Each structure stands twice: as C-alpha cells, then as structure tokens.
1. Report, by residue number, each residue of the stretch 116-135 that is on the phi < 0 side of the Ramachandran plot and of a type in the set (Lys, Arg).
2. Name, by its number, the condition in (1) in a strand (DSSP E or B); (2) on the phi > 0 side of the Ramachandran plot that does not hold for residue 153.
3. How about the stretch 145-197: which of its residues are surrounded by fewer than 22 Cβ atoms within 10 Å (Cβ to Cβ) and of a type in the set (Asp, Glu)?
4. Which of the residues spanning the stretch 336-354 are assigned to a helix (DSSP H, G or I) and in contact with a helix residue (DSSP H, G or I) (Cβ under 8 Å, 6 or more places away or on another chain)?
5. Of everything in the stretch 205-215, what is at pLDDT below 90 and either assigned by TED's automatic domain parsing to the domain that holds residue 55 or within 19 Å of residue 259 (Cα to Cα) (or both)? Give them in sequence order.
6. Among the residues of the stretch 205-215, are any closer than 20 Å to residue 146 by Cβ, surrounded by 13 or more Cβ atoms within 10 Å (Cβ to Cβ), among the hydroxyl-bearing types (Ser, Thr, Tyr) and free of Cβ contacts under 8 Å to residues at least 24 places away in the same chain?
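The values are calculated or read from the model by the stated rules, or taken from the named source; none is laboratory data. Being a predicted model, the structure only gives us computed values, none of them experimental. No Cβ is skipped: glycine too gets one built from the backbone with ideal geometry, and neighbour counts run over all protein chains shown.
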Amino acid sequence: MAENEVIVRPEQLENFLTDLFERAGMTRDDAAYSAHALVLTNLWGIDSHGVLRAAIYLERLSKRVVNPRPNIQTIRGGFALEVLDGDDGLGYIVGRAAMNRAIELAEKFNIAAVGAIKSNHFGAAALYARLAAERGMIGIAMTNVVPNVVAPGGKKPITGNNPLAIAIPTYGDFPFVLDMSMSAVAGGKLLLAAKKGQKIPLDWATDKEGRPTDDPTAGFAGFLLPMGGYKGLGLSYVVDILSGLITGGVFGDQMKGMYTHPNDPSLTGHFMIAINAAAIIGKDEMQSRMNAFYQRIKTSPMWDEQGEMFLPGEIEYRSAIKRQREGIPLPQKLFDELVALGNKMGASSTLTQM
C-alpha cells in the first residue's frame with residue numbers, strides 16, 4: 001500500500017455508493033448500476049474514472065442539474081440507426097441505454113449504431129463496449145467532451161479528449177478491450193495526481209497560457225495535449241462528429257464541463273455501435289482464432305526477458321482479480337471526502353478501511 005492510501009472492500013464501497021445514489025433520487029436499479037460502474041472501473045485499475053468522480057456526480061444529482069430519473073426515448077432514426085434523448089440523465093444510465101439499444105437492434109440487423117444526446121459524463125468508455133462483448137458482440141463506444149485539448153501550436157482548446165473504446169469477445173478469461181482518450185492522458189489522471197500530491201510529466205498538459213506544466217492542478221485548469229499529435233487530434237474530431245454533430249446534439253464548445261459549470265447540464269453526446277459477429281463466424285471458431293491471436297502476442301520476443309506482452313484488457317483483468325481479493329486502494333483524502341459525504345447525505349452504512 002502506498003503512503004497516504006487506505007484499502008476498502010469493493011463490496012462495501014459499492015453498497016455505500018448505491019445508497020448515496022439512491023438518496024440523490026435515482027431508482028434502486030440505476031443507483032446500483034452507477035455504483036457498480038464506478039467500483040468496477042477502480043477494480044480495473046482505472047482510478048482516474050472510478051469513485052474519484054462520485055462526489056461531483058452526487059452533487060449534480062442532488063441539485064437536479066443531472067436528472068436522477070430520466071425519460072430516455074428514441075427521437076429519430078430507424079432500422080439499425082437511432083438517436084436517443086437522454087433527458088439530462090447521468091451518463092452511466094444514458095450510455096447503458098444507448099448500448100443496450102444498439103445490441104437489441106444488432107440482434108435483428110447484425111450491426112447497429114445508436115447515438116445519445118442530452119447526457120452527461122459517462123465514466124470509462126470500456127463499460128459500454130464491454131456490454132456488447134458480454135453478449136457475444138463487438139462493441140464500440142465513444143463520447144464527446146468539452147474542449148480541453150490544444151492542437152499542436154495552438155493557444156486555445158479546439159476539441160475534447162473524446163474517448164473511444166472497442167471490445168471484442170474472446171470467449172477466454174477476458175475480452176479484448178481497447179479504451180483510450182485522444183489526449184496524452186485522461187483529465188482524471190491529473191485529478192488523481194493532485195489528490196496524491198504528485199507532479200505530472202511535462203508532455204501531459206499545459207497551463208492556461210499553453211505552457212507545459214508538471215503541476216496537475218495547473219494542468220487540469222489548463223489544457224491537455226493530444227495523443228500522437230495530429231493523429232489523436234483528427235480522431236478526436238471524428239468522435240465529436242459522430243457523438244454530437246450528426247446526432248443533432250451539441251459539439252465543440254457548445255458543451256459545458258461538469259467542473260467548470262457545476263450548475264448546468266453538460267449536454268454530452270455518445271455514439272454506440274454493436275456488431276453481431278456470430279453472423280459471420282461461429283463461437284467456437286471465434287474462440288479458437290482469438291486464442292491463436294492472443295498466443296501470437298504473448299509469445300512475441302522482447303529485448304527484456306522479464307518483459308511481457310499484453311492483450312488490451314489483460315492488465316485490467318489481472319488488476320480486478322488482485323483488487324477483488326486484496327481491496328481497492330484509495331487516496332486518504334478521497335476516502336475522507338467519501339466518508340464526509342456519506343455523513344452529510346445520511347448514509348445507512350459507514351465506509352471503513354480494511
């Protein structure tokens with residue numbers, strides 16, 4: 001355990017957060033899913049998108065800036081392409097609805113895409129891509145984000161870090177899951193570094209003047225740098241077009257970030273694609289071929305004999321096994337904030353450390 005960290009049991013943390021989300025006005029099912037999504041993200045080791053975000057979600061739900069009980073419905077499209085109105089719901093609930101609808105349509109049409117508008121921050125994109133993989137389908141999930149990335153040489157954010165996730169079933173121990181944002185790092189890593197009192201690499205972010213900084217607080221208040229220069233920048237544009245422009249939602253600087261505009265709905269857009277691979281390849285053949293693909297990666301020689309090649313999703317799988325057994329590490333400051341929040345909201349249970 002690192003210094004200034006505490007360990008909590010995943011089950012207790014999930015039950016604690018479910019209680020808080022329900023007290024913020026969500027239905028029991030939606031509260032449980034939101035809590036599960038947060039804790040699952042921490043189990044994967046993606047702490048920047050886990051319970052670190054709970055406080056801001058709960059604050060916005062309690063203020064009704066985010067609708068705790070949205071009426072999510074189809075507003076346009078047909079056949080294998082639709083758009084949902086998220087009714088300002090929490091991103092976890094709107095994102096789940098959009099991917100579940102894409103899966104439902106793909107069962108009929110073999111491939112389907114569903115956009116969602118009027119949503120909010122939805123956490124890790126992998127959550128939704130994995131929903132499809134769990135059903136034997138290939139899932140692609142993306143969302144647009146308020147501009148926080150500067151183009152190389154730019155002085156002002158031009159696009160968001162707009163994450164994209166792709167999940168492919170392997171029928172092995174874990175699915176193939178690629179989840180990446182189009183910035184050098186996700187903004188949540190700056191928040192996490194700030195919570196831990198750590199500095200950040202100079203190629204992660206800039207301050208408000210566009211100058212590289214190793215201060216995570218200054219970087220979070222400033223701008224992120226794009227992944228891979230113009231390549232990441234271009235992919236970010238694509239995600240914004242699919243998630244916001246073609247769906248009739250907002251794009252670019254029309255969105256409102258939940259930290260900079262805590263009293264306004266974010267109007268975030270999502271775009272989900274489900275592909276029914278069973279239409280062209282059987283389960284047994286898929287398993288055999290994906291295993292051959294995996295083994296080719298695992299047996300690839302490395303100059304460091306102690307090194308190991310990983311399939312996307314494998315590190316998260318190993319992290320989940322370890323943290324399910326040993327507990328989830330949280331920065332002391334974050335743990336204290338969650339305990340105080342539970343007391344403020346009258347939680348029926350107390351969050352304790354192992």
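1. Those that are on the phi < 0 side of the Ramachandran plot and of a type in the set (Lys, Arg): 130, 135.
2. So the condition that residue 153 fails would be (1).
3. Passing the criteria: only 173.
4. Within the stretch 336-354, 337, 338, 341, 342, 345 meet the criteria.
5. 205, 206, 207, 208 - these are the residues of the stretch 205-215 that are at pLDDT below 90 and either assigned by TED's automatic domain parsing to the domain that holds residue 55 or within 19 Å of residue 259 (Cα to Cα) (or both).
6. yes
Quick grid of which residues meet (1) modelled with pLDDT under 90; (2) in contact with a Ser or Thr (Cβ under 6 Å, 6 or more places away or on another chain); (3) assigned to a helix (DSSP H, G or I); (4) not assigned by TED's automatic domain parsing to the domain that holds residue 87:
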| residue | (1), (2), (3), (4) |
| --- | --- |
| 173 | no, no, no, no |
| 192 | yes, yes, yes, yes |
| 217 | no, no, yes, yes |
| 231 | no, no, yes, no |
| 235 | no, no, yes, no |
| 249 | no, no, no, no |
| 256 | no, yes, no, no |
| 263 | no, no, no, no |
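So that you can scan it fast, the table gives a plain yes or no per residue for (1) loosely packed, with under 12 Cβ neighbours inside 10 Å; (2) more than 23 Å from the chain's Cα centre (by Cα); (3) more than 20 Å from residue 47 (Cα to Cα):
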| site | (1), (2), (3) |
| --- | --- |
| 273 | no, no, yes |
| 280 | yes, yes, yes |
| 283 | no, yes, yes |
| 292 | yes, yes, yes |
| 313 | no, no, no |
| 324 | no, no, no |
| 341 | no, no, no |
| 351 | no, yes, no |
